[in-house]
Amino acid sequence: MSAQIAPAPAEKNWREANDAVGQFKRGHADILKWEKQNTPVVQPEASAAARLSLMSPEDAVRQAWLFHRGLVKPMNRIGAANVDLIAKGQWADVDPVWQRKVDDFGELLEVAAQGRKAWIQAVAARQVLKQHRDTLDAAEAGNELGRRMVSVGNWSKLQQAQVQLAQSSAQANVRRAQHAATQAEATLIKTLGLTGVHSAITLPDRLPEMPAQAMSPQVLDARAVAIAAQLPRAEGMRNGANARLARQAYLASHALAVSSRDEVLKVREFITEETVLHYNGMLKSVWDLLGEVSSQSQAVASAIEAQRDFWIAETDLQWVLQGGAPDSFVSLGGGGGEPAAAAGH
């Protein structure tokens, strides 16, 4: 009686993995993800220095004001209610007459704008970084799948090299995004006057939701006229020119951000879902799937950057409509690596 031949270890492991595929909605990709999530990890030690928590742009604005002690006087002059409106970004509800009546009111707004925009940049950079890390996770899962397929002879080394290249590309994107996030956080810390005091800051996972509708051109024109009436003639003319630039940036950035969110992302999500279904039905290859995951990731990152650009443009617009003069206005689609707009000094 001949003895039954036992499968080789690699083949046996691969068969066992295949047997478990049916338990997961997305097949091999979910198995690899499950393995990674259930691998014990060593928890990092708690930082010795307490982290500053800035969970809203209001927190950043108030922290920036603390660094500029001379602003206490104009804050007292305009009253707590107006200070709260400025901190919360509701500048349109502040009477523009304060620009003429209170010394250093312009500086109070400038510091608020700088703190708010630095916070927006830092939150957006972290959000983009997380997106690229998620893509890297998928690429690593695909590369691991490729190694297993090669080990049992189901793939050639050329096929495995393609998914390995996808992982390398995803890793490069993570490194770029990590650098951008580190730079944005350092800029925020410096803007708030916390260099040497805090080396890291706790921020929310995502930017605030955008308003469904942008302010109408009629409302913006009325507010531009109101602030121009409070300024000397020459300064009022300069403010009018800035108001036109700020309004154009604001309306364009809102339209782009809404389009990215409501049109591009929805189409990309549909394509990704269909690609996953075709992959699970063995109609698409693993690198087809990884390519689509990468494309969707880039679409999400672009949508985050569009949302970031809107909030920066909105800050600049509100600042201009209170008499401010930013050095420049947001460059739409400027990318996550560099600040999209510089605050006035």
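The values are calculated or read from the model by the stated rules, or taken from the named source; none is laboratory data. Here the structure is a predicted model, which is why all the values come from computation and not from measurement. Cβ: placed from backbone, ideal geometry, glycine included. Neighbour counts: every protein chain shown. Surface accessibility is based on the protein's heavy atoms, side chains included, excluding ligands, DNA and RNA. Shrake-Rupley method; radii C 1.70, N 1.55, O 1.52, S 1.80 Å.
What are the pairs, 6+ residues apart or on separate chains, where a residue within the stretch 147-173 that is in a loop (DSSP other than H, G, I, E, B) has its Cβ under 6 Å from a residue that is among the charged types (D, E, K, R)?
V152/E11
Check S199, S168, S216 and return the single one that is under 23 Å from the mean Cα position of the chain (by Cα) and closer than 30 Å to G115 by Cα.
S199
Tell me which residues, restricted to the stretch 175-200, are under 20 Å from Q127 (Cα atoms) and surrounded by fewer than 20 Cβ atoms within 10 Å (Cβ to Cβ).
If the condition is that a residue be under 20 Å from Q127 (Cα atoms) and surrounded by fewer than 20 Cβ atoms within 10 Å (Cβ to Cβ), then R175, R176, Q178, H179, T182, Q183, A186, T187, S199, A200 are the ones that fit.
Where the second residue is among the hydroxyl-bearing types (S, T, Y) and open to solvent by 50 Å² or more (accessible area, probe 1.4 Å) and the first is more than 17 Å from S168 (Cβ to Cβ) and lies in the stretch 288-310, which pairs have Cβ atoms under 9 Å and are six or more apart or on separate chains?
Cβ pairs passing all conditions: D309/S331.
Please verify whether A234 is at pLDDT 85 or above and over 24 Å from the mean Cα position of the chain (by Cα), treating the condition exactly as stated.
It is true that A234 is at pLDDT 85 or above and over 24 Å from the mean Cα position of the chain (by Cα).
For the stretch 239-253, name all the residues that are touching a residue at least 60 places away in the same chain (Cβ under 8 Å) and either within 15 Å of G333 (Cα to Cα) or surrounded by fewer than 14 Cβ atoms within 10 Å (Cβ to Cβ) (or both).
Residues of the stretch 239-253 touching a residue at least 60 places away in the same chain (Cβ under 8 Å): 239, 242-243, 245-247, 249-250, 252-253.
A249, Y250, A252, S253, listed by residue number.
Which members of the stretch 188-214 meet the condition of being out of contact with any Phe, Trp or Tyr (no Cβ under 7 Å at 6 or more places or on another chain) and under 22 Å from G106 (Cβ atoms)?
Once the filter is applied, which keeps residues that are out of contact with any Phe, Trp or Tyr (no Cβ under 7 Å at 6 or more places or on another chain) and under 22 Å from G106 (Cβ atoms), the stretch 188-214 yields K190, T191.
So S328 passes all but one of these: (1) small (G, A, S); (2) modelled with pLDDT under 85; (3) assigned to a loop (DSSP other than H, G, I, E, B). Which condition number does it fail?
Looking at each condition in turn, S328 falls short on (2).
Among the listed residues A306, A343, A313, identify the single one that is open to solvent by less than 30 Å² (accessible area, probe 1.4 Å), more than 22 Å from A139 (Cβ to Cβ), of a type outside the set (F, W, Y) and at pLDDT below 85. Let's see the steps before the verdict.
Working: A306 fails: at pLDDT below 85; A313 fails: at pLDDT below 85.
Sole residue among the options that is open to solvent by less than 30 Å² (accessible area, probe 1.4 Å), more than 22 Å from A139 (Cβ to Cβ), of a type outside the set (F, W, Y) and at pLDDT below 85: A343.
Which residue, of A224, A214, A234, A228, is surrounded by 14 or more Cβ atoms within 10 Å (Cβ to Cβ), free of Cβ contacts under 8 Å to residues at least 60 places away in the same chain and under 21 Å from W98 (Cα atoms)?
Only one candidate qualifies: A228.
Considering only residues that are of a type in the set (D, E) and more than 17 Å from W65 (Cα to Cα), look in the stretch 77-109 and name the one that is least open to solvent (accessible area, probe 1.4 Å). Quick ask: steps written out before the conclusion?
Step one: filter the stretch 77-109 for residues of a type in the set (D, E), giving 84, 93, 95, 103-104, 107.
This time we only want the ones that are more than 17 Å from W65 (Cα to Cα), so: 93, 95.
Numbers: D93: 100, D95: 79 Å².
Checking each candidate, the answer is D95.
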